[in-house]
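Comments concern the structure below.
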Amino acid sequence: MDFLSILKSTHPNLEISLNKYDLDSHGHGESYHPTSPPDAIIYPSSVEEIQDILRLCCREVYRDGDDNIPTVEIVSVIPYGAGTSLEGHLNFLLPNDDSVINNDDVVEIPSSLFESSFEESKQLKNKTKRVKIKRKGGISLDMSNFQSIGELTPGDVFIKVGAGVSRKTLNESLRHTGMQFMIDPGADATLGGMTATNASGTAAVKYHTMRENVLHLTAVLPPTKISSATSSNGSGSNPITVNCGSNSLKNSAGYQLPTLFTGSEGTLGVITDVTVKVFPIPSHVIAASCSFDDLHTAAEVVTMIRMMGVPVSRIELLDEMSIRAFNQSNKEELKPMEEKATLFLEFSGHSEASVMADLTAAQTICVNDYEGSNFVSAKDETTRNKIWEARHKLYYSSIALRGGGDDDEDGATSQTTIVTDICVPFSNFADIISATSKDLQDNGVFGTCFGHAGDGNFHCILPLKKNDTDEYREKVFRVIELMTERALSVGGTCTGEHGVGYGKKKYLEKMYGQSGVSLMQTVKRSIDPFNIMNPGKIIDVDCFSEADLPL
Amino acid sequence: MKKILVPVKRVIDYAQKIRVDPSKGAEGVQLKNVKMSMNPFCEIAVEEAIQLKEKTKAEVVAISVGPKQCTETIRTALAMGADRGIHVETKPDVRGDYINLQPWAIASLLKGIVEREDGVDLILLGKQSIDSDCGQTGPLLAGLLNAPQATFAAKIEAGDDGSFTVERETDAGTETIKLNSSVKPAVITCDLRLNTPRYPTMPNIMKAKKKKVETISLEDMVKELGLDLDEVLTPKNEVVEVYEPPPRKEGELVGSIDELLGKLKEKGLVA
């Protein structure tokens, strides 16, 4: 019986989709990487179902005409949340496994790799078994049935939610508690996905990233043994579920397991629920913006605001091109914005006096110390949104820079647009963002640069068109290379937010060296020895390499 | 403007999946261990009342009819900015989702409460509740009070002369009507586009705990208002059957326009 048939017979109520459109949509996130669909989508509703599904992903199968030599069939798994990831996380890849896999050679592997009872395993020591090993496609594990939202106990600052709960759903359910989940990556991502990618966003300057906001999570680990052809129920080796972390704000007990899973991009297990911090809704909020003659100066201002210890709740920097893009896509507006590098700021707190003091301090730096112009601020929500409009609409107005209007069928779309991000120390931030902006101009590449400047993190939005020449595309990727190399050369990172997926794997060795990558491989191999979980992402591991096989 | 009344209903939270127990017949909708919240349209009404209060300094009174947990629903309105509340408490087994208490009973109670309050300028209600979806309480109340009314409000402007100019959303388009000031109170029901309800901050939630909520049993209120308890508790409409909608059938994929036409003809959908 094949994988799906077994699953359907043991779990008749389990929802499975083979619909072409569903498969296509589950084969990509919001990156430019073309879709690479799974063979099936499964919608589990419980941790037990996930355990049963994962157990089947590594099993021993006897097929006719195989001379009694079983095949070990390995099925890949990628957990799916909201599909908003940006570096090809959801694309199914055939990993660069060792040549041992996917050919018809018979190999000998330790018998201890097979599921067996404790008694059996003692006898199996030093024994081997002859098998063939094959990868048999992949499944998308859609977590949308994991919608539980716990009760927020009054006085506590954390809440437990199912991995499939989106952040806006969570905040809507919290709307009368006075507390909110504060991480804002823009997209309405799920808490499981946000944990897997260590998401952050504009609020990180005050509320940090998922790494600092996840207190606890539950995850189902991939199987570490090959399940046998005959048994239908798991033994002790059934994929285990782990309880990581604690509800306390500070925890020094043991290895920090939630941090291990945060940013693991689905390569270590299936996160089923997450307990995250929540914060009080601020009583007072003020938004502001200020223009500067050049990008470098604007970036220096941000560093100064941080060095002076002025609290900000958001601080975003948009380059000249970003403002131009906004003006172009906002033609109904009577008064276009000045096309200069612009800072967008937000201050929040519990008292009006303290928020006003923060605003005044920042204003002094912007205007008096760095000759910023057109400093405006507002307290009421409508005007605040108006001040920040260019920032809120940035993504779509950047894409619109290269068509996509009603008449332009070949214009750039969100599927053809590259969004990339790097993060560097403050002392290098101004230089690097300016250099990148200059690279775009010098190379004739259309794009906008903007940053979560308060963290030294900036992005480029680079819209591509269907009929762009290879030459142009090369220029775009060259600019991304240059910007990343600069970031790495100052000890920064190739990705502050979006993650590695498969597009940025190549930078890990430059960042961490051979030993760093090797340690990551060790972690991956010990948790997922058969490389079932999102293979080919973050790092490559050889499954059943010669090092693993017995002599 | 002096006083605005906002009746608020406690219903199953809009994000919850409704479960029907077929063995319970008309009372099949499960209410136990289900998250309850303020009806979303009532929330919009509360928000509008607060916005009007911020402009005119009127007093906002939140009212709810239901079991003891309705006090929490009233506290939500108080956290958003209402000044005080009135909770008409029913026995725990009395259902508000069209089984026991229905719009006629609620409207009769509200009419009495409006007169009891004295000096009410405006009653803001949600256009309908998401459990019974009747949309009748507002209009019935206006009828009982002989009040000018506007339903499905998408925009409300309070004139200095006490009038209300209301933009209504209808299927045919937007209609603007003016409720003149000479007849008080006015009744307006609120639609989705009217506003976006605020999320109260913790200090406001704390303040709400100290605001006054008058709790009075349904029996006592009925007596005080001179109504008949049986009249109130006997529903005018009887729920005959409650069932879950049948599961959606999977669509069929066809390979060509001809095939599509063939199928449509087969199913008698096209001549």
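Observations on the model:
- Normalising by residue count, the range A:417-551 has a Cα convex hull of 133 Å³ per residue.
- Taking the empirical scaling 2.2 N^0.38 Å for compact globular proteins as reference, the range A:452-524 has a Cα radius of gyration ratio of 1.29.
- Put a plus charge on the Cβ of each Lys and Arg, a minus charge on the Cβ of each Asp and Glu, and nothing anywhere else: the dipole of the range A:404-498 about its Cα centre is then about 360 debye.
- When shorter helices are ignored and each DSSP H run of at least 4 residues is given -39500 (n - 2.57), the per-residue value for chain A at 222 nm works out to -8500 deg cm²/dmol.
- Span-like helix check, chain A: qualifying full DSSP H segments, with Cα axial length of 15 Å or more and mean Kyte-Doolittle of 0.0 or more, are A:295-307, A:352-363.
- Per residue, chain B exposes 54 Å² of accessible surface when a 1.4 Å probe is rolled over the protein heavy atoms with every protein chain present.
- For the range A:352-506, the direction-averaged projected area of the alpha-carbon convex hull comes to 11.9 nm².
- Mean partner shielding of peptide B:6-19, defined as the number of other chain Cβ atoms within 10 Å of each residue Cβ, is 1.
- Estimated FRET transfer efficiency when R0 is 41 angstrom, pair B:TYR243-B:SER163 (beta carbons, to 0.05): 0.30
- Residues A:ASN13 and A:MET307, FRET efficiency given R0 of 60 Å [Cβ-Cβ distance, rounded to 0.05]: 0.55
- Legend: P(r) of the range A:265-336 from all alpha carbon pair distances, 10 Å bins from 0, whole percents, reading 13, 28, 24, 25, 10, 0.
- A:LYS127 versus A:GLN415: modelled label distance in nm, points set 7 Å from Cα along the beta carbon direction: 5.3
- The relative contact order of the range B:141-271 comes to 17 percent, based on Cα pairs under 8 Å that sit 6 or more residues apart.
- Rg/Rh for the range A:201-338 stands at 1.18; both radii use Cα atoms, and Rh follows the Kirkwood definition.
- Among B:VAL65, B:ILE44, B:GLY25 the positive-end extreme of the charge dipole of the range B:1-65 (Cβ point charges): B:VAL65
- D_trans [Stokes-Einstein, Kirkwood Rh over alpha-carbon pairs] for the range B:1-87, 37 °C, 0.692 mPa s, µm² s⁻¹: 236
- Counting only Cα atoms, the range B:226-271 measures 69, 23, 15 Å along its principal axes, largest extent leading.
- Protein-only accessible surface at a 1.4 angstrom probe places the residues B:THR201, B:THR165 in the order B:THR165, B:THR201, largest first.
- Projected label distance in nm at A:ASN247 and A:GLU474, using a 7 Å step from Cα toward the beta-carbon: 6.0
- Based on the Stokes-Einstein relation at 37 °C and a viscosity of 0.692 mPa s, and on the Kirkwood radius from alpha carbon pairs, the range A:136-229 is assigned a translational diffusion coefficient of 220 µm²/s.
- Compared with the direct C-alpha span, the chain from A:LEU482 to A:TYR62 gains 146.0 nm at full extension, assuming 0.36 nm per residue.
- Between B:THR174 and B:LYS155, the modelled labels are 0.4 nm apart [label points 7 Å from Cα along Cα→Cβ].
- Average accessible surface area per residue within the range A:252-374, 1.4 Å rolling probe, Å²: 43
- Student exercise, the protein assembly as shown dipole from Lys, Arg, Asp, Glu Cβ charges, in Debye to nearest 20: 1820
- Per the accessible-area calculation with a 1.4 Å probe, the total area buried between chain A and chain B rounds to 1100 Å².
- Selection from A:GLY29, A:ALA196, A:LEU113, by position along the positive dipole direction of chain A (Cβ): A:LEU113
- Accessible area per residue, Å², the range A:433-518 with all protein chains present, probe 1.4 Å: 41
- One way to sum up the overall shape of the range A:340-443 is the equivalent ellipsoid from its Cα gyration tensor, whose semi-axes run 32, 21, 13 Å, largest first.
- Every helix of 4 or more DSSP H residues in chain B counts as -39500 (n - 2.57), and over all residues that averages to -9000 deg cm²/dmol at 222 nm.
- For chain B, the calculated P(r), taken from all Cα-Cα distances in 10 Å bins from zero up to the bin holding the longest distance, is 6, 27, 31, 19, 9, 6, 2, 0 percent.
- Share of Cα-Cα pairs in the range B:174-256 lying beyond 21 Å, as whole percent: 76
- Order by protection proxy (mean Cβ within 10 Å, highest first), peptides B:116-127, A:384-395: B:116-127, A:384-395
- If you bin all the Cα-Cα distances of the range B:80-140 at 10 Å, starting from zero, the percentages per bin are 17, 49, 32, 2.
- Packing order of peptides B:254-265, B:29-40, A:7-18, highest average first: B:29-40, A:7-18, B:254-265 (average count of other Cβ atoms within 10 Å over each peptide's residues).
- Relative contact order %, chain A, counting alpha carbon pairs below 8 Å whose residues are six or more apart: 16
- P(r) tail for the range A:292-394: Cα pairs beyond 23 Å make up 25% of the total.
- Taking the square roots of 5 times each eigenvalue of the Cα gyration tensor of the protein assembly as shown, largest first, gives ellipsoid semi-axes of 51, 39, 26 Å.
- For peptides A:158-166, A:201-209, A:448-456, sequence by mean Cβ density within 10 Å, most packed first: A:448-456, A:158-166, A:201-209
- As a length-normalised measure over Cα pairs under 8 Å and 6 or more apart, the relative contact order of the range A:366-484 settles at 27 percent.
- Where Rh is the Kirkwood radius over Cα pairs, Rg/Rh for the range B:94-246: 1.00
- Solution diffusion estimate, µm²/s, Stokes-Einstein, the range B:163-220, Kirkwood Rh from C-alpha pairs, 37 °C, viscosity 0.692 mPa s: 209
- The solvent-accessible area of A:MET304, taken with every protein chain present and a 1.4 Å probe, is close to 60 Å².
- More than 18 angstrom apart: percent of Cα pairs within the range A:12-63: 49
The values are calculated or read from the model by the stated rules, or taken from the named source; none is laboratory data. These numbers come from a predicted model, not from an experiment. Glycine also receives a Cβ, built like all others from the backbone with ideal geometry; neighbour counts cover every protein chain displayed. Note: accessible area is taken over every heavy atom of the protein model, side chains too, but ligands, DNA and RNA are not part of it. Shrake-Rupley method; radii C 1.70, N 1.55, O 1.52, S 1.80 Å.
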